[in-house]
1. Given the structure, is V26 surrounded by fewer than 24 Cβ atoms within 10 Å (Cβ to Cβ) and touching a strand residue (DSSP E or B) at 6+ places or on another chain (Cβ under 9 Å)?
2. Would you mind finding the one in I201, I274 that is buried (at least 23 other Cβ atoms within 10 Å of the Cβ) and either under 18 Å from the mean Cα position of the chain (by Cα) or aromatic (F, W, Y) (or both)?
3. For segment 136-177, give me each residue that is modelled with pLDDT under 95 and more than 24 Å from G272 (Cα to Cα).
4. Pairs under 6 Å by beta carbon, first residue of a type in the set (K, R) in segment 162-190, partner not in a loop (DSSP other than H, G, I, E, B), six or more apart or different chains?
5. Output the residues belonging to segment 229-239 that are part of a loop (DSSP other than H, G, I, E, B) and farther than 18 Å from V268 by Cα.
6. If H300 passes every condition in (1) at pLDDT 95 or above; (2) farther than 29 Å from N149 by Cβ but one, which one does it miss?
7. Could you count how many residues in segment 96-128 are aliphatic (A, V, I, L, M) and within 26 Å of L44 (Cα to Cα)?
8. Would you confirm whether any residue within segment 263-274 is within 25 Å of Y193 (Cβ to Cβ), assigned to a strand (DSSP E or B) and acidic (D, E)?
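The values are calculated or read from the model by the stated rules, or taken from the named source; none is laboratory data. Bear in mind that the values here come from a model prediction, so they are computed numbers and not experimental data. Don't worry about glycine lacking a Cβ; one is built from the backbone with ideal geometry, like all the others, and counts go over all protein chains shown.
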Amino acid sequence: MKLKDIGEFGFIDRLKSKLKADNSVVHSIGDDAAVIKYSRDKYLLFASDILIENVHFKISGQKDIFAKIGHKALACNISDIASMGGVPKYAVISLGLPPDLDYKKALKFFSGAQKLAGKFGISIVGGDLSRSEKVIVDVSLIGIVKKKNLTLRSGARIGDIIFVTGPLGGSCSGKHLTFTPRLKQAQYIIKKYKINSMIDISDGLAGDLWQIIKSSEKGAMLFEELLPITPGARSIKAALYEGEDFELLFTVSVKMAEKITKDKKLKVYAIGEILGNRKIFDLVNKKGRRRKLKPGGYEHF
């Protein structure tokens, strides 16, 4: 059987049963970051992302592309740490680069990463370099989260209201190279409200919501008229499946939802509800008609 036959997430599911961690690991495969024991009241968070030329970005025809790649490579990991309720601290960056690449362009990559790192108080502490036919970037990021603030995908409860932090479907317009990770919003939400589950939207709204309800063993219903769409997005399908929006998707109780919607300091959008029936994964259109959502988002295989 080939990777394309089982898909990215099918392969990950198979890995879960084969990779065993010791008792210092609280959560491993299955969330946006691994959770590791650290101190009496804190955990370490460990996230990693790999970006590959012509898969996650294109070099040709892009202004300041290497600085943007550096920004994106670190920003993806910051978003993962944010979605777990944590604060990013230390990064290592490994690069695969063609030997004939102008070294000044390679330095631009680090200027983009360092600018973002400075904004979020992150130290870039090392990495590795290798020869490669295409540009390949691998970033690993360590963060810290207070135990009381740790938020997993698996905590969604029946009746929870589903929220998203911003408009969706705009990644193809270049947003995926310039987005600001929602760390500030995540910290505000986590500290002020009780969040039951959270994930960042990297693979598309439908795909990442599916990860929440799969982990939580629940169902979900989205309302089309409530979905915030990025101006210029190609369709509702783009908002559901395009991916790389890097907004936060989270669920809270009705009581918390009422407080959140009244919070003038917080701009978020209520878009649906968590249900008890695991077989339900529906989109309700403006006329009240329901249709099944496909659980997939962007997959590499």
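1. Values: surrounded by fewer than 24 Cβ atoms within 10 Å (Cβ to Cβ): yes; touching a strand residue (DSSP E or B) at 6+ places or on another chain (Cβ under 9 Å): yes.
Considered against the rule, which asks whether it is surrounded by fewer than 24 Cβ atoms within 10 Å (Cβ to Cβ) and touching a strand residue (DSSP E or B) at 6+ places or on another chain (Cβ under 9 Å), V26 comes out as yes.
2. Working: I274 fails: either under 18 Å from the mean Cα position of the chain (by Cα) or aromatic (F, W, Y) (or both).
Criteria check complete, one pass: I201.
3. Within segment 136-177, C172, S173, G174, K175, H176, L177 qualify.
4. Listed pairs, sorted by first residue: R182/A82; R182/L248.
5. In the first step, residues of segment 229-239 are kept if they are part of a loop (DSSP other than H, G, I, E, B); the result is 230-235.
Answer for segment 229-239, where residues must be part of a loop (DSSP other than H, G, I, E, B) and farther than 18 Å from V268 by Cα: G232, A233, R234, S235.
6. The number of the failed condition is (1).
7. First, pick out the residues of segment 96-128 that are aliphatic (A, V, I, L, M): 97, 101, 106-107, 113, 116-117, 122, 124-125.
This time we only want the ones that are within 26 Å of L44 (Cα to Cα), so: 113, 116-117, 122, 124-125.
Number satisfying all stated conditions: 6.
8. Going residue by residue through segment 263-274, those that are within 25 Å of Y193 (Cβ to Cβ) are 263-274.
When the remaining residues are screened for being assigned to a strand (DSSP E or B), the result is 269-274.
Checking which are acidic (D, E) leaves us with 273.
Among the residues of segment 263-274, at least one is within 25 Å of Y193 (Cβ to Cβ), assigned to a strand (DSSP E or B) and acidic (D, E), which makes the answer yes.
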